[in-house]
1. Just a yes or no: is a residue in the stretch 414-425 crowded, with 19+ Cβ neighbours inside 10 Å, β-branched (Val, Ile, Thr) and over 22 Å from the mean Cα position of the chain (by Cα)?
2. In the stretch 32-82, how many are within 16 Å of the ligand (Cβ to nearest atom), part of a loop (DSSP other than H, G, I, E, B) and over 23 Å from GLU147 (Cα atoms)?
3. Tell me the residue from THR455, THR486 that is part of a loop (DSSP other than H, G, I, E, B) and not aromatic (Phe, Trp, Tyr), please.
4. Answer yes or no: is there a residue in the stretch 327-349 that is small (Gly, Ala, Ser), part of a loop (DSSP other than H, G, I, E, B), in contact (Cβ under 8 Å) with a residue 24 or more places away in the chain and touching a helix residue (DSSP H, G or I) at 6+ places or on another chain (Cβ under 8 Å).
5. Given (1) open to solvent by less than 20 Å² (accessible area, probe 1.4 Å); (2) among the charged types (D, E, K, R); (3) assigned to a strand (DSSP E or B), identify the lone condition not met by GLU467.
6. Which one is farthest from GLN472 (Cα to Cα), of the residues in the stretch 408-438 that are among the β-branched types (Val, Ile, Thr) and assigned to a helix (DSSP H, G or I)?
7. Of all residues in the stretch 439-452, count the ones that are open to solvent by less than 20 Å² (accessible area, probe 1.4 Å) and assigned to a helix (DSSP H, G or I).
8. Give just the number: which of (1) more than 30 Å from TYR333 (Cα to Cα); (2) open to solvent by less than 90 Å² (accessible area, probe 1.4 Å); (3) modelled with pLDDT of 55 or more does GLY24 not satisfy?
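The values are calculated or read from the model by the stated rules, or taken from the named source; none is laboratory data. Only a predicted model underlies this, so the values are computations on that prediction, with no experimental measurement involved. Cβ sites come from the backbone with ideal geometry, for glycine too, and all protein chains shown count toward neighbours. Surface accessibility is based on the protein's heavy atoms, side chains included, excluding ligands, DNA and RNA. Shrake-Rupley method; radii C 1.70, N 1.55, O 1.52, S 1.80 Å.
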Amino acid sequence: MKKLYYILGTSLLCLCIIFLRLYGLNHQPNQISLKQSFDQEKVVPIVVIGGGSAGLAAGIYGARTNFYTLVITGKEPGGQLGGTTYVDNMPGMFHQLGPDIMNNMRKQAAECGAQFLDETVKSVEFKQHRNPTTNKIENDILIETHEGSKFHALTLIIATGASPRKLGIPGEEEYWGHGVTTCAICDAAFHKGNDVIVIGGGDSAAEEAKQLAPHAKTVTICVRKDAMRASGAMQKQINNISNISIMYNTEVKEILGDDEKVTQVALFNNKTNTTSSKNVSGVFLAIGHEPNTDLFEPTLKTDQNHYLILKGRTQETSWPGVFAAGDVADPIYKQAVIAAGEGAKAAIEARNYLDEEGFNDAKARELASNYFVPPSADRSLIRELHKVDSSKEFYEFVQGDTPLVVDFYTDYCPSCLQMLPLVEQVASEYGDKLTVVKCDASVLEDIASKYNVKTVPALIAFKDGKEISRSQKALNKQEINDFFATVII
Ligand code: NDP
């Protein structure tokens, strides 16, 4: 009998140990420690993904903790404020241009010591391994960019924001970039003297209408309910602009056009149940945003609308050492000032987490030689793109002997400004095989109109005097390289 008890007891103990080990791997985040050994691998104590209000504020606060902080800016630097005109609701910054505010925030973060990596994240791997020496479970966050950078993060602050929502109606995809867009500040200049429509009833719709009004003949805001939800201050501003009008209870059911561009929208009045149509050259969507969480789902917990779920009043996500700030985790307020505050909070919490994990100044010094440092492009090897200044010059390039790529941009388009240095880098690698020039589409209007450039950034490739291909969206370095490669075949 004693023997039986002994066998039963030992078996139970073994089962408990096996259970605890398995359970511990998956369910004891508090007992998960930082990855200790990096050998040849690169590491960063605080990584921030996102270059908007939340990301830049996290960069400022992260750098001020004295721990090496890296901000990865992505394709839309400056976030949503980077594409706004005057901002009147950032405390202490009354009536300043959104891009100016964001440039200053970036400068401030850099002054504080944050490093910037102007690349786009391809993948984030969240892993946990048992360290055979210490027998502890170690947290490992591996980040890789489309441009080829690869490093481990000891802590991660997700500030990837949100992207404009689409309608999903017929014609939307077909005419995307041919009159349908979400960036009024980028594309307003292509609708000079035309009638345009803005869809949505929030602050973004009001903001887009304000940006379009100086260029377009008329701007109609199409609101599906009988009232706008934009703030009173915003509504007052648009009511004072003579060429802006509002159609309430109106839904856009279809976007129509010819072979090249948008010409009309089909409308439905949901109060009178009547249909109508309106001739327009541009359709500007401002119907809210979707959080950018694709890189993190399903590992990190999200709600039914894909917003990252945070713990209580903290910025902590469901993974230890991973924090989130701004619109990516904010289904309610979505304000730049709140995003910035959350970025600051997330950086303080990242610092506290590192402290609790025993990552101190001595450990930081020990790891310093393993820090990932953004590759600084050798500017001497990079040729600045020639800016085409006249239509005559443009046609001379098109008729040239080598294949040509023209980078169409405007000065106010944040993603154009982000993409330009990448285009320059890739163009330099192609040498004389390919001619690459840039063209301000808001200045050379006749060229933009002839080649039907209705959105920027746009790359158009020419061979033997004819257009052979085009891309009408922000591209990362790899995508630019792929586009160029098809041109010289
Ligand atoms: P909002 O969510 O505030 O508004 C979205 C609008 O789009 C609503 O009017 C909504 O209609 C409408 N909409 C949604 N889906 C559809 C659809 N399928 N068809 C037609 N209409 C649709 O988003 P915003 O992007 O405007 O603003 C997001 C946040 O950013 C807000 O908190 C806003 O205050 C802030 N913001 C602030 C600015 C500033 O202060 N300067 C500028 C821009 C944004 P409905 O009302 O019927 O739901």
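1. no
2. 1
3. Values: THR486 fails: part of a loop (DSSP other than H, G, I, E, B).
Result: THR455 is the single residue among THR455, THR486 that is part of a loop (DSSP other than H, G, I, E, B) and not aromatic (Phe, Trp, Tyr).
4. Here is the first cut: in the stretch 327-349, the residues small (Gly, Ala, Ser) are 329, 336, 339-341, 343-344, 346-347.
Still in the running and part of a loop (DSSP other than H, G, I, E, B): none.
No: zero hits.
5. Every condition holds for GLU467 apart from (1).
6. Let us first name the residues in the stretch 408-438 that are among the β-branched types (Val, Ile, Thr), namely 410, 423, 426, 435-437.
Remaining after also requiring assigned to a helix (DSSP H, G or I): 423, 426.
Details: VAL423: 14, VAL426: 18 Å.
Only one residue tops the list, namely VAL426.
7. Going through the stretch 439-452, the residues open to solvent by less than 20 Å² (accessible area, probe 1.4 Å) turn out to be 439-441, 444, 447-448, 452.
Next, only the ones that are assigned to a helix (DSSP H, G or I) stay: 447-448.
Matching residues across the stretch 439-452 total 2.
8. (3)
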